[in-house]
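Structure first, then comments.
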Amino acid sequence: MFPNPVEKRSSGTRLAYKLSLPIALFLWLLPLLAIFMTSIRPASDIAIGNVFGLPSSFQLLQNYGEVFAKTDALKYLANTLLIAIPTMIMSVALACLTGYALAIYRFKWALPLFFLFVAGNFVPFQILMLPVVDMSNRLEIINTVPGLVMFHAAFQTGFCTLFMRNFMKALPFELIESARLEGVDEFKIFWYLVLPLVKPAIAALCVLIFTFIWNDFFWATVLIQDSASLPITVGVRTLNGEFVQQWHLVSAASLLAAVPPVLMFFAMQKHFIAGLTLGATKG
Amino acid sequence: MTTPSVNSTDRFATSTTRVSIAGIILAICVVLLLFVISTSMIQELFGLSRQIEARVPTFLARMGVLITALVAAFFLVTGLSYYKRNKVAVAPWLFLAVGLVFFLVYVIVPIFQSISYSFTRWDGLYDINGIWTGEWVGLHNYRLLLDDPNFYTSLKNNLLWLVLFMLAVPAGLFIALFLNQTVTGIRIYKSLFFFPFVISQVVVGLIFTWTYNPEFGLLSKIWGWFYCDTKLNIVGNLTRVCSVDPPSILGDETMATYGIIAAGLWPQIAYCMILYLTGLNNVSSDQIEAGRLDGAKGWKMLWHVVLPQLKPATFIAIVVTVIGALRSFDMIATMTQGGPFGSSNVLAYYMYDQAVGEGVGRYGYGSAIATVLFFIMLVYISYFLWRMYQDEKEGN
């Protein structure tokens, strides 16, 4: 293990390390703490400059309640779920299929097509923006939730395929070979043999894609102008304009937008991290 | 074979009923799809007006037909004797079909469309008959780019982003080394340090806009400890008097970009940290012990023994950081919108601003900017693919 474990050092070093941990964490999360403190204080506190001290009264429920009462925050959150969940299902399902084709079959197009998915996944969004807007316009799905889902699902299929293919490549190939010799149909091999084995990869991808889509801002701004279909990230920015000088509400709304991915992360931490390392380092 | 009476060639025969039923369904779906897409008659037939409310049901109906068509096509193909004889050759294409077409339509084809837009002048509109209203202008947009000071500012800022964003890699390594211990509760510390990455960039942008606020932001508060006093003014209210006024980072042309990059580094460092923490988990303890016996310690150990083993983690950290730097959009949109006076623009934001920002859309010019950004990114993508190709060759 590197660096040397503190247990093996002197008790003084150990104590210093244990003390430095909370201090470092405090400094690291200071901006977040500050905005949380802002979100639970009354507006009058900010006006007189009491921004980081104790709030004159704790208004956690009032402030967050006001965000819901005064704005469409609830609708924005619902829209985000309506965008994130179908996208997650579509792209992961498609990637199971494409990943299987690219990992298990040895045909000459396997590697070029895999690289096509990988390359497409890394292109800047701006190069796709105008044609996608144009296409959505002509299909009459611009400004709608399904229109955004279609694009996200297609784009995320690239990342999911990268991950899924690498994961499936690591499966024992002899297993599939012997099933084939037994005369099992290709689709039965996929469904009964391979899918159960890649459950961890599916979980990792679901968590990641959900978070990615939840946090998406660019595509939502580009493809949706209609406030009835806006997701929370764009909604929060709109609120920022509406609540000029009402920092306690702006910060409450911002934190609300951050809660679901954070919960997801803490609930599914292992899968989340496995996904982020692109399956390159197993751990 | 469980039933010996079945002739072995039957395994490869076309299953007639299945194929014909699937064929009929497929034909119906194709007709429906062509009909619905080519005309709006269905909508008028059922009295659905072409309003936004009608869009979603129409779309869902089309999707339903499309999925039925795909399922029918699947049964049709797998019922054919040709498939049964060439399973291993045909099956991968069946697995690929939907995902690949979807990806081609939404990702690969638009790249080329964008490049072709960049040779035109177009505002994104069609006339009443659905005819494209743009005109072909050759390299005109690129010539305009060369004389556009905003383009150079954006390019310079992109470079700044690339260089400064790289700090996330060593900083992430540093924090990972700091946290790579086994004291009680360390898991919670690790996840809390990772926290900023999970939050949306829009929220990070808002948090830092607030932090940088010269009147009541966190930074001005800290500034106040050094340069400001709180005094009673003539009326008797408490006011803050500063010997040097706190800087307005996002309002200052020279500092805005640095301010946004610093905000962007926060989640990026967290990402690199988690990559290195997983990497450190896999560092072989034998080699470290061997290094210790050889007298390697501290920096030497890090440089000669640990870092070489962290190569995969470093590679991915660099890749995601470069991509993050070139994709920076959300933060600029939330924090400065490219301002003040375009000083914090990057290509990604400038393109958006030109193409669909306020005023008229300049699709052609926007696409030219996007094309430049794409080719910059392509350098890194090619490098990444080349490295992957090397790994694949070794693997097989």
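What follows is calculated from the coordinates using simple rules that are stated; it is not laboratory data. The model shown is predicted, which means the values in this text are computed figures rather than measured ones. With ideal geometry, Cβ positions are generated from the backbone for all residues, glycine too; neighbour counts draw on all protein chains shown.
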(message) If you take each beta carbon of peptide A:194-205 and count the beta carbons of other chains within 10 angstrom, what is the mean?
(response) 0
(message) Taking beta carbons within 10 Å but only from partner chains, what does the mean come to for residues B:58-65?
(response) 3
(request) Sticking with the crude label model, points 7 Å out along Cα→Cβ, report the distance from residue B:293 to residue B:61 in nm, one decimal please. (result) 7.7 nm
(request) Let me know the charge dipole size of the protein assembly as shown about its Cα centre in debye, to the nearest 20, where only the beta-carbon of Lys, Arg (+1) and Asp, Glu (-1) is charged. (result) 1820 debye
(request) Please report the relative contact order for region B:272-396, taking Cα pairs under 8 Å with a sequence separation of at least 6, and give it as a percent rounded to a whole number. (result) 16 percent
(request) Please name whichever of B:100, A:187, A:68 sits farthest to the positive end of the charge dipole of the protein assembly as shown, dipole taken about the Cα centre and charges placed at Cβ: Lys and Arg +1, Asp and Glu -1. (result) A:187
(message) Charges at C-beta only: +1 for Lys and Arg, -1 for Asp and Glu. How large is the resulting dipole of region A:71-276 about its Cα centre, in Debye rounded to 20?
(response) 400 debye
(message) What number does region A:6-63 give for Rg over Rh if you use C-alpha atoms and the Kirkwood radius?
(response) 1.27
(request) Sort B:353, B:252, B:391 so that the residue with the fewest other Cβ atoms within 10 Å of its own Cβ comes first and the one with the most comes last. (result) B:391, B:252, B:353
(request) Compute the distance in nm between two label points, each set 7 Å from the Cα along the Cα-to-Cβ direction, one at residue B:71 and one at residue A:137. (result) 3.6 nm
(request) Would you mind classifying region B:123-165 by shape? Square roots of the alpha carbon gyration tensor eigenvalues, ordered a ≥ b ≥ c; an a/c under 1.5 is rounded, otherwise it is prolate if a/b is larger than b/c and oblate if not. (result) prolate
(request) Return the calculated 222 nm mean residue ellipticity for chain A, to the nearest 500 deg cm²/dmol, obtained by summing -39500 (n - 2.57) across DSSP H runs with n ≥ 4 and dividing by the residue count. (result) -22500 deg cm²/dmol
(request) Work out Dmax and Rg for region B:148-361 from the C-alpha atoms and quote the Rg first, both in angstrom. (result) 21.6, 73
(message) Taking just the alpha-carbon atoms of region A:1-125, what radius of gyration and Dmax come out, in angstrom?
(response) 25.6, 70
(request) Find out how many positive minus negative residues lie around residue A:251, taking Lys and Arg as positive, Asp and Glu as negative, among other residues whose Cβ is under 13 Å from that of residue A:251. (result) -1
(message) In Å, what Kirkwood hydrodynamic radius results for the protein assembly as shown from the alpha-carbon pair distances?
(response) 28.0 Å
(message) For peptide A:211-218, what's the mean number of Cβ atoms from other chains within 10 Å of each residue's Cβ?
(response) 5
(request) Past 28 Å, Cα to Cα, is the threshold; run B:311/B:393; A:8/A:199; A:188/B:393; B:156/B:311; A:108/B:84 against it and keep the listed order. (result) A:8/A:199; A:188/B:393; B:156/B:311
(message) With an 8 Å Cα cut-off and a minimum separation of 6 or more residues, compute the relative contact order for region A:104-258 in percent.
(response) 26 percent
(message) I'd like the antiparallel share, as a percent to the nearest 5, of DSSP beta bridges with both residues in chain B.
(response) 100 percent
(request) Among A:183, A:12, A:241, determine the one that fluctuates most according to a GNM of chain A built with springs between C-alpha atoms less than 10 Å apart. (result) A:12
(message) Residues of region B:179-196 with backbone nitrogen within less than 12 Å of a virtual label 7 Å along the Cα-to-Cβ line of residue A:18, please, listed as ranges.
(response) B:183-186
(message) Just to verify a number: FRET efficiency for residue B:262 and residue B:81, C-beta to C-beta distance, R0 = 51 Å, to 0.05?
(response) 0.20
(message) Placing one identical point scatterer on every Cα of region B:110-198 and ignoring solvent, what is log10 I(q)/I(0) from the Debye formula at q = 0.10, 0.12, 0.21 Å⁻¹?
(response) -0.59, -0.68, -1.08
(request) Among B:140, A:248, rank each residue by its count of other Cβ atoms within 10 Å, from fewest to most, as a rough exposure measure. (result) B:140, A:248
(message) Distance between the C-alpha centers of region A:12-83 and region A:100-151? Whole Å please.
(response) 38 Å
(request) Please list, in chain and number order, the residues 5+ apart from residue B:120 or on another chain whose amide H is under 5 Å from its amide H, with Hs placed from the backbone. (result) B:137
(request) Sorted from largest down, give the three principal axis spans of the alpha carbons of region B:209-325, whole angstrom values. (result) 73, 33, 21
(message) Apply the Karplus curve 6.51 cos²θ - 1.76 cosθ + 1.60, θ = phi - 60°, to the phi angles in region A:250-257 and return the couplings in whole Hz, x for Gly and Pro.
(response) 4, 5, 4, 5, 4, 5, 4, 5
(request) Mind listing the lone cysteines of the protein assembly as shown, meaning no other Cys beta-carbon sits under 4.7 Å from theirs? (result) A:96, A:160, A:206, B:29, B:272
(request) Rounded to the nearest 500, what is the 222 nm mean residue ellipticity of chain B from helices alone, with -39500 (n - 2.57) per DSSP H run of 4+ residues and division by all residues? (result) -21500 deg cm²/dmol
(message) Using Cα-Cα distances under 8 Å and only pairs 6 or more residues apart, what relative contact order does chain B have, in percent?
(response) 20 percent
(message) Can you sort B:304, A:152 from fewest to most other Cβ atoms within 10 Å of each residue's own Cβ?
(response) B:304, A:152
(message) Which GluC sites (Glu not before Pro) in region B:314-396 sit in a loop by DSSP (not H, G, I, E or B) and have at most 13 other Cβ atoms within 10 Å of their own Cβ?
(response) B:358
(request) Mind pulling up the Rg/Rh value for region B:163-212? Radius of gyration and Kirkwood radius, both on Cα. (result) 1.06
(request) Can you tell me the dipole magnitude for region B:188-317 around its Cα centre, using point charges on the Cβ only (Lys, Arg +1; Asp, Glu -1), in Debye to the nearest 20? (result) 300 debye
(request) May I have the extent of the alpha carbons of chain B along their three principal axes, as whole Å values ordered from largest to smallest? (result) 98, 72, 47
